[in-house]
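Notes follow once the structure below has been shown.
Here, each number is a calculation from the coordinates, and none is a lab measurement. Since we're looking at a predicted model, the values are computed, not measured. Cβ sites come from the backbone with ideal geometry, for glycine too, and all protein chains shown count toward neighbours.
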Amino acid sequence: MMIRALFPLLLLAAVPSAALAQENSEAIEQASYSRASQVQYVLLGTVPAAELFAPSFLAAVPESQLRTIADQLTAQNGRLLSVDELHYTGDGMVSFELVYERARAQAVMQLADEAPHQAVLFRITGVKRIDDTPQKITAELAVLPGIHGFGIYQLGEGGPQPVVTDRPTQQFAIGSTFKLYVLSALGREIRAGRRHWSDVVTLDAHSVPSGQMQDWPIGTPVTLQTLATMMISISDNTATDTLMRLLGRDALAAEVKASGHADPAKMLPLLTTAELFALKSGDPSRIKAYAAADDAGEAKLLDQWAPSLKPDISSMTRPVAIDSIEWFASAQDIANIYARLRDLGDPVVLDILAIHPQAAPQETDYWNYVGYKGGSEPGVINLSWLLRDKDGRWFVVAASWNDPAKPIDESAFAALAARMLAMLHP
């Protein structure tokens, strides 16, 4: 349920070379311009990658991967037309822009010290659409299968204020983004003095990946801060379930309701990750029975089935019951829970959310703060950010796509979400 390569076409790098010798600096500067210009022809497929890139780079990023990324860029932005805005910045580094029909991609490259000064690092740091608009993003979303929507909000004193939205109240399956509610409930317990980040608990059960703690021994002592950090930063399911059992269903339900969730009955009872995957991978009759029950009935069924619920993700290659066995929220709901997390005023909470911002370098450079949580499984994706600009204004961007028929194209949706972020600044 962790999105491991949110912006694969924006992050492309091998290990850079050592510091460059000063006596070669002029030669390398001259080579940097010709090498940067050569990128266009490599991405177009008219020049072999081995002519531009050093063996060390191609060992990490083979030509087939370059071709895939080049094809994605072309599909999303039109034909690659030229290389522009070349600037040598020293130490073999050159920045430039790849000019597409519908976008300009910012890139950097570093050359090896030794002739023929091949590239040892190449990174696309961001893609900025030319004359992009909310209407264009909405139109591109509209042709995707299934249901989808997004919301961009500014957080003010009176709650989240919509900036641009499309289906902002639609309830979507959101995958692991539900863990924001667990973090918020924990944060409130800590603010009230009932718990402390340094409190130690022991792992008492395992869930399934994503994460690492499913491989840790039962009985391992771990602090609440470690559990929360693992839950958000790598979407660790075992850490999540440990916190959920500690907090209890009642406290979690109270947090969902206090956040202003528009349809808590659809969200509650809040399933642990082990429960969700056990139901989805288990007896189909249980899925039907659970979907037909009310909240109280669902809770009774979970208690009744608990001894026999065994989570298994090995067979989950296609969407399963994403309209019933899930965690649900709208873009507005996600803006509300992010507002509550911000309003806690706890730097630990904000630090945890910011560990893996899942944003292109151009975004992390622009924003003073970037917090993130997302979720995915077959047929489900949600990407959600909490942002603060250099003027101290807070924003939320939340985007979801559900398709009950087949797995979704996460890369295509991530590219659309990146454009939503980019619309908030020059």
Check your understanding: Per the helix-only calculation at 222 nm, which mean residue ellipticity applies to the chain, given -39500 (n - 2.57) for every DSSP H run of n ≥ 4 and division by its residues, nearest 500 deg cm²/dmol?
Key -> -11500 deg cm²/dmol
Revision key, fill the gap. If every Lys and Arg gets +1 and every Asp and Glu gets -1 at its Cβ, then about the Cα centre the chain yields a dipole, in debye to the nearest 20, of 920
Check your understanding: Relative contact order of the chain: what whole-number percent is it, with Cα pairs under 8 angstrom and at least 6 residues apart?
Key -> 19
Review point. Could you give the angle, 0 to 90 degrees to the nearest 10, between helix 410-422's Cα long axis and the longest principal axis of the Cα atoms of the chain?
Key: 80
Point to revise | Highest-first arrangement of 219-232, 320-333, where packing means the average Cβ count within 10 Å | key: 320-333, 219-232
Point to revise | Total charge dipole magnitude, segment 271-426, about the Cα centre, Cβ charges on Lys, Arg, Asp, Glu only, Debye to nearest 20 | key: 140
Point to revise | Which listed pairs, of K136/K280; K266/K373; K266/K390; K257/K280; K128/K406; K136/K179, have C-alpha distances above 28 Å, in listed order | key: K136/K280; K266/K390; K128/K406; K136/K179
Revision key, fill the gap. Packing-ranked peptide list from 38-50, 335-347, highest mean Cβ count within 10 angstrom first, is 335-347, 38-50
Study note, to complete from the structure: Checking rank on 87-97, 252-262, 374-384, 273-283, with mean other Cβ inside 10 Å and highest first, the result is 374-384, 273-283, 252-262, 87-97
Practice item. Could you tell me how many degrees, from 0 to 90 and to the nearest 10, lie between the Cα long axis of helix 179-191 and the main elongation axis, the longest principal axis, of the Cα atoms of the chain? Key: 70
Point to revise | Dipole magnitude of segment 233-293 about its Cα centre (Cβ charges: Lys, Arg +1; Asp, Glu -1), debye to nearest 20 | key: 200
Practice item. Kindly express, to the nearest 10 degrees and within the range 0 to 90, the angle between helix 331-343's C-alpha long axis and the longest C-alpha principal axis of the chain. Key: 90
Review point. In whole angstrom, how long is each semi-axis of the equivalent ellipsoid of the chain, when you take the square root of 5 times every eigenvalue of its Cα gyration tensor and sort them from largest down?
Key: 42, 23, 22
